[in-house]
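These notes concern the structure reproduced below.
The values are calculated or read from the model by the stated rules, or taken from the named source; none is laboratory data. Quick caveat, the model's predicted, so the values are computed rather than measured. Using ideal geometry, Cβ is built from the backbone for each residue, glycine included, and neighbour counts are taken over all protein chains shown. The area values use the complete protein model at the heavy-atom level, side chains included, leaving out ligands, DNA and RNA. Shrake-Rupley method; radii C 1.70, N 1.55, O 1.52, S 1.80 Å.
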Amino acid sequence: MPDLATGFARVPDQVPGLLGCAPGLVDVLASGPEYVAYSVFDSEGEANPAAMAAVAAVSGVEFDSEDEDEILRGAVLVVVQ
């Protein structure tokens, strides 16, 4: 979860393995007091509508599946407290 003092989320050591990428490619996609969503930076994988729904559910921010810049691709990990 985000650090209470700074509000910034960190990337735990196990996240790159769960996402199947190098540690330097993990991106904190979104975070809030009770969740963090991680993705693979600049993934060229398939569109991931399930990930868009999961991140929208925890963040309250909807994705436009018609806007190429908003489509989540590849692996996404959502951690909820």
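Observations on the model:
- Flag for S43 being in contact with a Cys (Cβ under 9 Å, 6 or more places away or on another chain) and among the small types (G, A, S): yes
- The stretch 1-16 - residue that is closer than 18 Å to V78 by Cβ and among the hydrophobic types (A, V, I, L, M, F, W, C) and, of those, surrounded by the fewest Cβ atoms within 10 Å (Cβ to Cβ): F8
- Selection from the stretch 36-54 of residues that are assigned to a loop (DSSP other than H, G, I, E, B) and hydrophobic (A, V, I, L, M, F, W, C): F41
- Taking every residue in the stretch 1-14 that is in contact (Cβ under 8 Å) with a residue 12 or more places away in the chain and pairing it with any residue that is of a type in the set (F, W, Y) and open to solvent by 40 Å² or more (accessible area, probe 1.4 Å), at least 6 positions away or on another chain, the pairs with Cβ-Cβ distances below 8 Å are P2/F8.
- Subset of the stretch 50-81 (residues that are open to solvent by 90 Å² or more (accessible area, probe 1.4 Å) and farther than 22 Å from V11 by Cα): E62, E66, E68, D69
- Every residue from the stretch 21-49 that is open to solvent by less than 70 Å² (accessible area, probe 1.4 Å) and in contact (Cβ under 8 Å) with a residue 40 or more places away in the chain: C21, L29, Y35, V36, A37, Y38
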